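For reference, the structure is listed below as structure tokens.
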């Protein structure tokens, strides 16, 4: 199903042993940002023990488009470079 680029967006994180795939779903993030785009975890931002990292993204570029109220979800999301510290759980 298609959508409007100024609506709430869903994101997901994938993993693979190879850059070309085969990919596996790590996490599906409904309404993340709520308009997050270009989610990535730069390799230099992963701790030496691999337990924590920084998720980088931008979002919330149209917070009141056609009356749709876009929230900061998670807190700190905004239109600009956002860094959120994340922890990997087993």
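Quick note: the coordinates plus some simple rules give every number you see, no bench work behind them. The model shown is predicted, which means the values in this text are computed figures rather than measured ones. Ideal geometry is used to build each Cβ from the backbone, glycine not excepted, and the neighbour counts take in all protein chains shown.
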Could you give the nm distance between label points at residue 23 and residue 47, where each point is 7 Å from its Cα heading toward the beta carbon? 2.7 nm
Kirkwood Rh and Cα-based Rg: tell me the resulting Rg over Rh for the chain, rounded to two decimals. 1.01
Mind giving me the nanometre distance, one decimal, between the label points for residue 15 and residue 84, set 7 Å out from Cα along Cα→Cβ? 1.8 nm
Neighbour-count order for 15, 34, fewest beta carbons within 10 angstrom listed first: 15, 34
With a 10 Å cut-off between alpha carbons and a GNM built on the chain, which of 66, 31, 40 moves the most? 66
Length gained when the stretch residue 6-residue 66 is fully extended (0.36 nm per residue, less Cα-Cα span): 20.7 nm
